[in-house]
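Report on the structure given below.
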Amino acid sequence: MLTHASPASETEDLFDSSLFDNENYDLKPFSFGSHIVRLLCSDSATTDHDLTGQILWPAASLLATYVAAHPSILSRCGCALELGAGLGLVGLLAAQSCPVVLTDHNDVVLRVLSRNVQLNQAQYDIRCLKLEWNSQSDISAALAASPDKQLAGI
C-alpha cells in the first residue's frame, strides 16, 4: 500500500512493510569447542524495519567464541540477560552455564530467535522476551525473568 504523507499525518507508511519481511532462513551449524549450535539465519537483512537481527554478525561470533572458551565466567551467574539477541548464538552458548533471557524488540526477529531456541539443547532454561528500550513494562518483565534477580549482561 503506497500512501502519501500529509501535513496532518507525517507517520503514514509510504510503502508496504511486508516487502522487507523475509522469513525464509537457512539452517547453519556453528561449532565452538564441543558445542554445536544450529541457527536459522538469513544471508542478508534490511535496516529499513530493523531486521538486522536476522543475520549473524561478526561480533556475535567473537563473543560466542569467548563464552565457549570461558564458560566459568557465567557458572556462578543467577541468570544472563542478552540485549538485542538477534539469532541468539551467544545466549544459546551461555545457557550451557546458567539460565538465560534473550531479548529483542522486533517481532520478526523474535520469531526466528524462538525457533533457534527450539532447535538447540541447553543445560539451563532459556526465555525469549520482547524488549523495547523505552517500555518500562518490558524492562520490568526482563528483570523479573531472572530466578534470583542476579543478572549478568552479555
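The values are calculated or read from the model by the stated rules, or taken from the named source; none is laboratory data. None of these values were measured; they are calculated from a predicted model. Every residue, glycine as well, gets a Cβ built from its backbone with ideal geometry; the counts of neighbours run over all protein chains shown. Accessible surface areas use protein heavy atoms only, side chains included; no ligands, DNA or RNA. Shrake-Rupley method; radii C 1.70, N 1.55, O 1.52, S 1.80 Å.
Shape class of segment 74-123 from the Cα gyration tensor (axes a ≥ b ≥ c, square roots of the eigenvalues): oblate, since a/c reaches 1.5 or more and a/b does not exceed b/c.
Close amide H contacts of residue 80 (hydrogens built in the peptide plane, cut-off under 5 Å, sequence separation of 5 or more or a different chain): 100, 101, 152.
List the chymotrypsin sites (Phe, Trp or Tyr not before Pro) within segment 59-138 that fall in a DSSP loop (any state other than H, G, I, E or B) and whose Cβ has at most 11 other Cβ atoms within 10 Å. Working shown, then result.
Details: sites: 66, 124, 133; in loops: 124, 133.
Loop-located and lightly packed - 133.
Across the accessible surface of segment 84-148, with the other protein chains kept in place and a 1.4 Å probe, carbon and sulfur atoms take up 48 percent. Rounded if a/c is under 1.5, else prolate if a/b beats b/c, else oblate: with a ≥ b ≥ c from the C-alpha gyration tensor eigenvalues square-rooted, which is segment 52-154? Because a/c hits 1.5 or more and a/b fails to exceed b/c, segment 52-154 counts as oblate.
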